[in-house]
Each structure stands twice: as structure tokens, then as C-alpha cells.
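Note sheet for the following structure.
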Amino acid sequence: MTRRDFLKTTGAGAFAVAATKTSLFAAQEEPPLRVALIGCGWYGKTDLFHLIQVAPVEVVGLCDVDRQMVEAAADMVAKRQASKKKPPVFGDYHKLLAEQRPESTVVGTPDHWRSLPMIET
């Protein structure tokens with residue numbers, strides 16, 4: 001066998017394996033991560049929107065004590081997430097965590113309010 005024949009055979013084999021692997025893994029797509037946001041101010045929304053850009057997530061709930069802010073954030077999330085669903089909004093993070101049971105939570109509250117929601121999640 002010559003070096004040229006070896007490279008042709010190996011290259012064709014590698015291409016066949018690569019084509020097979022991509023089709024196998026495409027069928028095993030993972031469901032999006034269920035994420036909630038507590039604290040819908042600028043920092044919380046920024047962190048959540050960056051997460052939406054880099055990972056397959058479904059926002060299952062938003063929480064903030066300011067009703068106008070949480071409603072505006074829900075409208076923004078509906079435009080940016082893949083499902084285009086408007087997530088439910090809450091005024092109490094205990095209720096959000098109990099009803100929606102998120103897999104991950106972004107806590108975007110001010111520094112002095114972060115510890116309790118973080119412990120609860």
C-alpha cells in the first residue's frame with residue numbers, strides 16, 4: 001500500500017464516521033433548561049438574556065416586587081426566547097419556586113437581598 005492510497009482510505013473513513021456521528025447526536029437533542037429569574041432589574045435581565053443567547057433555556061417564571069418592571073421583563077423575554085412564550089410573573093419568589101420548580105435560577109436582586117433567594121433555591 002502506498003502512502004497516497006493510505007491517505008485516501010483513511011480520509012474517506014474519517015469522513016464517513018464524522019457524517020454518521022453528527023446524524024446520531026442530532027437525534028438525541030436535550031430539552032431546554034427550565035430557568036427562572038428573581039429580580040428583573042437591569043442586571044437580572046442582562047444575565048438572563050446572555051444565558052438565552054448561549055444555552056437552550058426555557059424561562060418558566062419571573063419575579064420582582066415591582067409589578068410594572070416584571071411585566072415589562074416578561075414582554076422582553078417573550079420576544080427573545082425560542083418558544084416566544086410569555087413567562088408567568090410573580091411578586092413573591094417563594095411562590096415562583098413552589099409553582100414552577102425551575103432547574104436553575106438567576107438571582108438578580110440587589111446585593112443585600114440575594115442571600116435568602118439563593119438559599120431557597
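Counting only helices (runs of 4 or more DSSP H) that sit wholly inside the stretch 23-106, those with at least 3 residues that are among the aromatic types (Phe, Trp, Tyr) and farther than 19 Å from ILE119 by Cβ are 42-54.
Given the criterion farther than 28 Å from ARG80 by Cα and modelled with pLDDT of 70 or more, identify the matching residue among THR9, THR46, THR2.
On the way: THR9 fails: modelled with pLDDT of 70 or more; THR46 fails: farther than 28 Å from ARG80 by Cα.
Residue meeting the stated conditions: THR2.
Can you list residue pairs whose Cβ atoms sit under 8 Å apart, with the first residue in the stretch 62-75 being over 18 Å from PRO110 (Cα atoms) and the second being β-branched (Val, Ile, Thr) and surrounded by 16 or more Cβ atoms within 10 Å (Cβ to Cβ)? Count only pairs 6 or more apart in sequence or on different chains. From residues that are over 18 Å from PRO110 (Cα atoms), the pairs are GLU71/VAL89; ALA74/VAL89. Confirm whether ALA82 is open to solvent by less than 20 Å² (accessible area, probe 1.4 Å) and either within 20 Å of PRO102 (Cβ to Cβ) or modelled with pLDDT of 95 or more (or both). It is false that ALA82 is open to solvent by less than 20 Å² (accessible area, probe 1.4 Å) and either within 20 Å of PRO102 (Cβ to Cβ) or modelled with pLDDT of 95 or more (or both).
Kindly indicate whether GLU29 is at pLDDT 95 or above, closer than 24 Å to ARG101 by Cβ and among the acidic types (Asp, Glu). Please lay out each step first, then the result.
Details: at pLDDT 95 or above: no; closer than 24 Å to ARG101 by Cβ: yes; among the acidic types (Asp, Glu): yes.
No, not satisfied.
The values are calculated or read from the model by the stated rules, or taken from the named source; none is laboratory data. These figures come from a predicted structure and were not determined experimentally. Ideal geometry is used to build each Cβ from the backbone, glycine not excepted, and the neighbour counts take in all protein chains shown. Just so you know, the surface numbers come from the protein's heavy atoms only, side chains and all, with ligands and any DNA or RNA stripped out. Shrake-Rupley method; radii C 1.70, N 1.55, O 1.52, S 1.80 Å.
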